[in-house]
Amino acid sequence: MKLMTQTIGRIRCGLLSRCGRALVIVLIASFFPGVLSADSESITNISITGNVTRETSSLLPVLKSRVGDPFSAERANEDVKALYRVGIFEDVRVESNKVPGGVSLVFQVVEKPQVESIRISGNKEISNDKIREAMDLKAKSVFSAGELSKSLKKVKKLYTDEGYYLAEVDATTSKVGKNGIRISLDVKEGSKVLIKTIRFEGNTVFSARKIRKQMETKEKWFLSWITGAGTYKEEVLKNDVNRIADLYFNNGYINVKVGEPQVKLLPDKSGLEVTIGITEGEQYRTGNLDFKGDLLESKELLGRKVKLEKGEVFSREVLRGDIVTLTDIYADKGYAFTNVTPLTKIDSDKKTIDITFDFEKGDKIYIERINISGNTKTRDKVVRREFRLAEGDLYGSTALKRTKQNIENLGFFESANISTAKGSAANKLNLNTEVKEKSTGQFSIGAGYSSSDGIIGQGSIQQNNFLGLGLKGTLAASIGGKTQLYNIGLSDPYFLDTNWTVGFDIYRSEREYEDYTRRVTGGDIKAGYKISDQLSTFWMYKFEDKTLFDLSQAYLNNPQLLGETSGTVGSLYGSISLDTTDYRLDPSRGFTSTLSAEYAGLGGNQRFTRFIGQSGVYFPLLWKTVLSVRGEVGYIMRDGKEIPIDEKFYLGGINTIRGYSSRTVSPIENGVYVGGVKEAFFNVDYVFPIVKDFGLKGVAFFDAGNSYAEGQQIFSKLLMSYGLGIRWYSPMGPLRLEYGFPVNPREGIDSKGGKFEFSIGGFF
């Protein structure tokens, strides 16, 4: 029998008040007789009614009231608030019912409407899934008019970021069932509208063209459909403001102000116009430089390490670089937490900035533990052996940077991050290395084309991290109009966990040349030793069985030019290499040099010794351009027998001297290219970006070189060429398209109009 019912508290927020929903708490227990007496009663039961989407069992833990506890009107009202904070109810009330043995609490709730479905219409350029992903509101979530408004703005931005500046997104809602809401999105995409013009106001120091080069946002052009240039993205444009400011800061204009970009649609709706206002201010130069604080080196030495110079135009970028340089000097001595604070004094009259570098070195830091995580397939030791720091060593910034670079260069991981964490003492650090593995096994079937080899089909199976030990295994084949190659190989870059590389190859190749076809079956064993991260040696012994056939008539008429058409050769090859480049696949700075020698005579019936020296230097220049100079010099020495004609030097083509046909830069006897016993050539390349985001680059080049017969003096006559080309790391592989013009073409051999060469595919 129900003895008494009391409404203790209630919170209601209906549909009419959603825009400015307020929490309303009504405490009316004090107006009812018996409430105070009810406070002394125990709670016998707690129930929740009206909930549909949430189980009662998941809501009860939210309440502070518990069965068996003394009843409290104040606590019951707190429970009303707690239920409302769950976020799915628009009305919450509680009633206390006096029952035999105590009080029964009944929480009555009314749920907010729920999104039953989201229907999208009118979209063609952007998929339903992408639109739904951009929305805050999701199906089966609580409906909110505010969240719907935010979602519409995000969908609009999604279209804007794709170039559809005129897109309109509207939404209608309809009720479904008792408490459901169906959302219908109507999209009017409109035409793509790109940025047609980027204007600047107030710039006198730098041209509009120079400022535009600093920006990621670009004006549209005829390749915009590929590159996306001209697309308006609000966040990118805002960041461009900082990039423009950096241009001025790095050229001494420390008081520059760059206004917020103004974007408007052109009257004919053909594109957007972006206007950016600039207040440049006056240029400042670097004043006096000084050093103070915990100095471990003399001021003179520290002064030689920084790039800022008194009297030169001040650059914030150079200042930041100097701080890093000075910090690294201390970090390489173990002071991992050195603070270098630049204290500046600005003289507005002289337009100078005095800078004092204030050092606070802290304590020497030691490496306590090296932890590796994220490697499920790769063994810890494969990562650990790339470290240039060991547990117990002093902290070293340069060694840590080299370690990260080494791990990334393994090619086993998508990312490798090294962070520091406190050790067991104030002067100890733990290095936490987190890697994200990528697939290192490859199976590929593809094709490519080159002007020298024609169409080439290829297939390969490769595993660069076999058994998680860093072993590299290859099974490959390439078949083309002029070339066939089959290869199987295995190598261990850290044999027995040392700096030795050990491996082997078994191969068979067949290559068609102008005057003969060469077939080789052979194998090799190889070893290398890594002296340092930049210096290494390599050794290889190979044994080959060779045959020359399909001889041209010129060779048949002059067999003395050919020598032996079949034979075997066992040779020992050795080299030493130095590589200081920043990125070995596409270097922009640094130096490479390799000296090699090959002695053929350790088995087989062919005898010769070949020496080759190669060097290259790379210089980064303005606007992300790179100047490279590469050269090669070679000499083959006979050893009691004639040098096999297929082992001599033949130049020409895309990889040596462009503008001259492949293998035609060679001594000629009786109309036959007989190859040289000496060679020398060099290439000068100026590489510049064409479409940075697309990875498309241009190249202007100059080549010179020749191969020489025995008795001819090396460098006595140089064939030269120049030209232009493009390079692109396409999805099909690296692409090179280059046109070379011979400076001194040979009569009857070379085309005066130049030669076009290109190659594409992953078989290089």
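The values are calculated or read from the model by the stated rules, or taken from the named source; none is laboratory data. What you see is a predicted model; the values in this text were computed from it and never measured. Note that we place each Cβ from the backbone using ideal geometry, even for glycine, and neighbour counts take in every protein chain shown.
Annotations for the structure displayed:
- Those residues of segment 132-150 which are assigned to a loop (DSSP other than H, G, I, E, B), out of contact with any Gly (no Cβ under 9 Å at 6 or more places or on another chain) and not polar (S, T, N, Q), in sequence order: M135, D136, L137, K138, A139, K140
- Residues in segment 535-553 that are surrounded by 17 or more Cβ atoms within 10 Å (Cβ to Cβ) and among the aliphatic types (A, V, I, L, M): M540, L548.
- Residues (of a type in the set (K, R) and surrounded by fewer than 16 Cβ atoms within 10 Å (Cβ to Cβ)) located in segment 317-339: R320
Residue by residue, here is whether (1) in contact with a Phe, Trp or Tyr (Cβ under 6 Å, 6 or more places away or on another chain); (2) within 30 Å of L737 (Cβ to Cβ) holds:
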residue: K648; (1), (2): no, yes
residue: T664; (1), (2): no, yes
residue: N670; (1), (2): no, no
residue: V674; (1), (2): no, no
residue: S707; (1), (2): yes, yes
residue: K717; (1), (2): no, yes
residue: G725; (1), (2): no, yes
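- Some residue of segment 182-205 being over 31 Å from the mean Cα position of the chain (by Cα), under 30 Å from G281 (Cβ atoms), among the polar types (S, T, N, Q) and loosely packed, with under 13 Cβ neighbours inside 10 Å: yes
- Considering only residues in segment 520-534 that are surrounded by fewer than 17 Cβ atoms within 10 Å (Cβ to Cβ) and among the charged types (D, E, K, R), the one that is nearest to the chain's Cα centre (by Cα) turns out to be D533.
- Check on F649, touching a helix residue (DSSP H, G or I) at 6+ places or on another chain (Cβ under 7 Å), crowded, with 19+ Cβ neighbours inside 10 Å and either closer than 23 Å to Q712 by Cβ or not small (G, A, S) (or both): no
- Qualifying residue in segment 340-357 (condition: assigned to a loop (DSSP other than H, G, I, E, B) and crowded, with 19+ Cβ neighbours inside 10 Å): no
- Subset tally (residues that are at pLDDT below 90 and of a type in the set (S, T, N, Q)) for segment 740-755: 1
- Among the residues of segment 154-174, none qualifies, meaning not one is loosely packed, with under 15 Cβ neighbours inside 10 Å, part of a strand (DSSP E or B) and among the hydrophobic types (A, V, I, L, M, F, W, C).
- N123 vs. criteria at pLDDT 90 or above, in contact with a helix residue (DSSP H, G or I) (Cβ under 7 Å, 6 or more places away or on another chain), among the polar types (S, T, N, Q) and surrounded by 13 or more Cβ atoms within 10 Å (Cβ to Cβ): yes
- Among residues of segment 608-648, those that are touching a residue at least 24 places away in the same chain (Cβ under 8 Å), of a type in the set (G, A, S) and assigned by TED's automatic domain parsing to the domain that holds P559, counted: 2
Matching residues to (1) out of contact with any Ser or Thr (no Cβ under 9 Å at 6 or more places or on another chain); (2) in contact (Cβ under 8 Å) with a residue 12 or more places away in the chain; (3) assigned by TED's automatic domain parsing to the domain that holds D579:
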position: T356; (1), (2), (3): no, yes, no
position: I372; (1), (2), (3): no, yes, no
position: G396; (1), (2), (3): yes, yes, no
position: K401; (1), (2), (3): yes, no, no
position: K404; (1), (2), (3): no, yes, no
position: F413; (1), (2), (3): no, yes, no
position: A416; (1), (2), (3): no, yes, no
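- Among (1) buried (at least 16 other Cβ atoms within 10 Å of the Cβ); (2) small (G, A, S); (3) without any contact (Cβ under 8 Å) to a residue 60 or more places away in the chain, the one test that S716 misses: (1)
- Meets criteria (over 23 Å from N499 (Cα atoms), out of contact with any Pro (no Cβ under 6 Å at 6 or more places or on another chain) and loosely packed, with under 15 Cβ neighbours inside 10 Å) for L602: yes
- Hey, G190 without any contact (Cβ under 8 Å) to a residue 40 or more places away in the chain, of a type outside the set (D, E, K, R), at positive phi and part of a loop (DSSP other than H, G, I, E, B) or not: yes
- Leading residue by the ranking (surrounded by the most Cβ atoms within 10 Å (Cβ to Cβ)) among those in segment 489-519 that are within 29 Å of P644 (Cα to Cα) and of a type in the set (D, E): D515
- Any hit, segment 368-391, residues being surrounded by 17 or more Cβ atoms within 10 Å (Cβ to Cβ) and in contact with a Leu (Cβ under 6 Å, 6 or more places away or on another chain): yes
- Restricting Y686, Y729 to those that are modelled with pLDDT of 95 or more, aromatic (F, W, Y) and assigned to a strand (DSSP E or B) reduces the list to Y686.
- The single condition among (1) without any contact (Cβ under 8 Å) to a residue 24 or more places away in the chain; (2) of a type outside the set (G, A, S); (3) assigned to a strand (DSSP E or B); (4) surrounded by fewer than 17 Cβ atoms within 10 Å (Cβ to Cβ) that L556 does not meet is (3).
- Scanning segment 368-426 for residues that are of a type in the set (G, A, S) and in a loop (DSSP other than H, G, I, E, B) yields G374, A390, G392, G396, G411, G423, S424, A425, A426.
- Of all residues in segment 574-600, those that are over 18 Å from F682 (Cβ atoms) have Cβ atoms under 6 Å from Cβ atoms of residues that are modelled with pLDDT of 95 or more and of a type in the set (D, E, K, R), 6 or more apart or on another chain, in E598/R610.
- Count of segment 256-315 residues which are part of a strand (DSSP E or B), free of Cβ contacts under 8 Å to residues at least 24 places away in the same chain and surrounded by 13 or more Cβ atoms within 10 Å (Cβ to Cβ): 1
One line per residue, one yes/no per condition, for (1) under 16 Å from T656 (Cβ atoms); (2) under 40 Å from the mean Cα position of the chain (by Cα); (3) surrounded by fewer than 19 Cβ atoms within 10 Å (Cβ to Cβ):
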| position | (1), (2), (3) |
| --- | --- |
| V677 | no, no, no |
| F682 | yes, yes, yes |
| K697 | no, yes, no |
| F701 | yes, yes, no |
| G723 | yes, yes, no |
| R727 | no, yes, no |
| P742 | yes, yes, no |
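- A residue that is modelled with pLDDT of 90 or more and in contact with a helix residue (DSSP H, G or I) (Cβ under 8 Å, 6 or more places away or on another chain) cannot be found anywhere in segment 575-584.
- Test: residue in segment 286-306 that is β-branched (V, I, T), out of contact with any Gly (no Cβ under 6 Å at 6 or more places or on another chain) and over 15 Å from D354 (Cβ atoms): no
- Of all the numbered requirements in (1) exposed (fewer than 14 other Cβ atoms within 10 Å of the Cβ); (2) in contact (Cβ under 8 Å) with a residue 60 or more places away in the chain; (3) closer than 25 Å to F694 by Cβ; (4) not acidic (D, E), W225 misses one, and that requirement is (2).
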